[in-house]
Structure formats: structure tokens, C-alpha cells
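Below: the structure, in C-alpha cells.
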Amino acid sequence: MPAAFTQGGSTGTAPSALPFEPPFSDLPPSRQRPQSAGRRRPESARGSGTGYQSGLAGAATLGGGEECGDAPRPRALLVNGLASAVGGDPAAIPAPRTGYKQLLRRLGATYTSEVVAAMAPLAPRALAGAELVILACPQRRLGRAELAAVRSVVNRGGALLVLAAAGGDRAAGSNLNAVLEPYGISVEANTALRAVPHARSLHPAEPLVADGLCARPSAAPEPGIFVYPRGATLDVAPPAVAVLATGRMLHPPQCPVSALWEGAEGERVAVAGSAEMFSDAWLPRECNAALLDWLLAWLQPGSKHAPVEYVAEAPVLGRALLVPDIASLSENLRCCFQARKMHCNSPEHI
């Protein structure tokens, strides 16, 4: 028997259906949906938080990425500075996820992902349980405690992915080279530009690299064509290995743009000189998504990927250095063509 209820000083009967009329009740009888009496939830699925409600709670937990089954999922922390780099004013950024929604969607398949803005202080306790830390173009210098906390993630067997930008630390106002110093990798203060325009990449700072695969990791994407927007080159020293380079059509030529480092205990570090390369705007271009998927699989805890193997026709990579030839050229002054022609036409030179 329906329970009685009181509303506004009058006693009535609790409604057995919805408290409002469904929108299709005004339709003709021939078009109304018949009411089904056999679709009520069983008693075990209603009531004290079991069955249906607990199923919803479990689905919410699984969707949030806290745990899958009985095994807890590893944590990944994204320090997003790309939004402030592109947007300009950090106060105008709507959310720290700006620019890396597809990257976070890929992380959600394996990790419990968290995002913090690069301009906010990076608490060491936030890195305590992280298995993967992604530093995406921070626009400020990290303090000593923050540097120690990031390195501690790698020292205890975790992984680190560093995404830089054109101009290096000087343009961004960061100190990523201090983070990468123990691993033999540094970001140069330059910009990779395409010397010859391409039909699919007209802007010189958004070059398409077709011959930049200098080391072939296991399950590397083919054929290795990628877009490298607003990125810097790297200086790589052993035991780090360069896997991507600028190729022959970019300036500076044959310089590393992505490198990997692996420690004796399985700790791994990956560096890319372009933070926009894996952003939402450029991830669908060419093989950028395939490269990101491979990097995330290589950085995954317990990954059994084989070490990288050099390509048979791998270029000899070098460091972009400016030749100080200004002093020597200033001692060998030569006249211009117009002056030589004028002197040759004079009677003195006949």
C-alpha cells in the first residue's frame, strides 16, 4: 500500500510514478510507448547501497582511474605549462588541461592521471606516489625542493617525460637543463626551422620532418614522418640515445630533437624539444600520435621494450655551434661587384 505523505498541511498518497507527466503523454494513443510492468529493478538491486547503486559507484571508481579490480593503477602527474605559453596570461587560462586533453585520454588507459598548472607550486608530496611525471614546457624555474622531488621519482624506478619549446630555457624562463643534467641531455637555446617550404607545412617554424628517424626503437612507427612545431634541438651525450633528428632539410641540420635515457634499475627518461608536438592541435598530424603512443608505452612501469637500435642509414648527428669567423673575415676585406666593375672600366685598368 502506498505510504502517506504530508505536503503543505494536506495529507496525500505518495505517487507511484514520476512526479511529472512524461513529454509523450500528449501524443496520440497510437504513438505512445506502452508501459512495461516487468522492468522494475529487483529488490536486491534497491535499498542499502548494494547491487545497482554499488555498481554505479564501482563504475565511477573505474572511470576515475583509481583502481581496476584489486590492483591499484599507477599515478601520472602532468605539469602543464603549454597553456600559459600559448595563452600568454596564466590568469586567463580556463583549466590546466588546456592543450593536452588527448594526451590525458591516452594516460587514462593505464594511469590515474592528475594535472597541475606549471605556474602553481609543485608540492613534493604530489610527486611522492607518481610513477610518471610529465614536465610540459614550464614557464618558471623549479626550486631546489622541486628539482629534488622530480629526480627522486626517477631514482626510485619511475619515469620522466620532458617537453621543451623553441628557445630553450632562455625563452621559457625555466631550468629544464638542471633537471636533465644527470642524464646527459640538454635543450639548446635555438629553434628548428625548415629551410625549404613544404606543401603541408608552409610556416618555417612548423616543419615537417621526413628523414629524422635516426634510431629505431622496437615497434617504432613507420615511416617516421612527423611535424615538429616550434621546437628546439637537443645536445645528447652517452649513455643517452637520440631517436629523432631535424634531418637534412631543417636548420640546424642533423641535430637531435628527441632522446631517451635508461638507467640500470629500469628508470627511464624521455625528452622532446617541442611541447606542441603532442598537443591537441598537432597530435593528429602525420606520425605524431604514433610516436606519443610508443613513448608512453616505453615509459610505462615494467615495460619490456627492447633497447633502441640504430638505423642502417642513421645520420651522424652533431651539435649546433656557431663558427666564430667574423674576425678572420674582417681581415680580408673585398670590394663589391659594382666597385670592381667601375674600376675595370677606368683607363687605369686598361
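No lab work stands behind these numbers, since they all come straight from the coordinates. No experiment lies behind these values; they were computed from the predicted model shown. With ideal geometry, Cβ positions are generated from the backbone for all residues, glycine too; neighbour counts draw on all protein chains shown.
Structure values in brief
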item	result
Tensor-based shape of segment 247-287 (alpha-carbon gyration tensor, a/c under 1.5 rounded, otherwise prolate or oblate)	oblate
Net charge of Cβ neighbours under 13 Å - reference Arg285; Lys, Arg +1; Asp, Glu -1	-3
By average C-beta atoms within 10 angstrom, highest first, the peptides 227-240, 256-269, 117-130	227-240, 256-269, 117-130
Distance (nanometres) between label positions extended 7 Å along Cα→Cβ at Ala120 and Ala297	3.3 nm
Separation in nanometres of the label points that stand 7 Å from Cα toward Cβ, at Ala178 and Met249	4.0 nm
Footprinting exposure proxy for Cys287, Cys214 (fewest neighbouring C-beta atoms within 10 Å first)	Cys287, Cys214
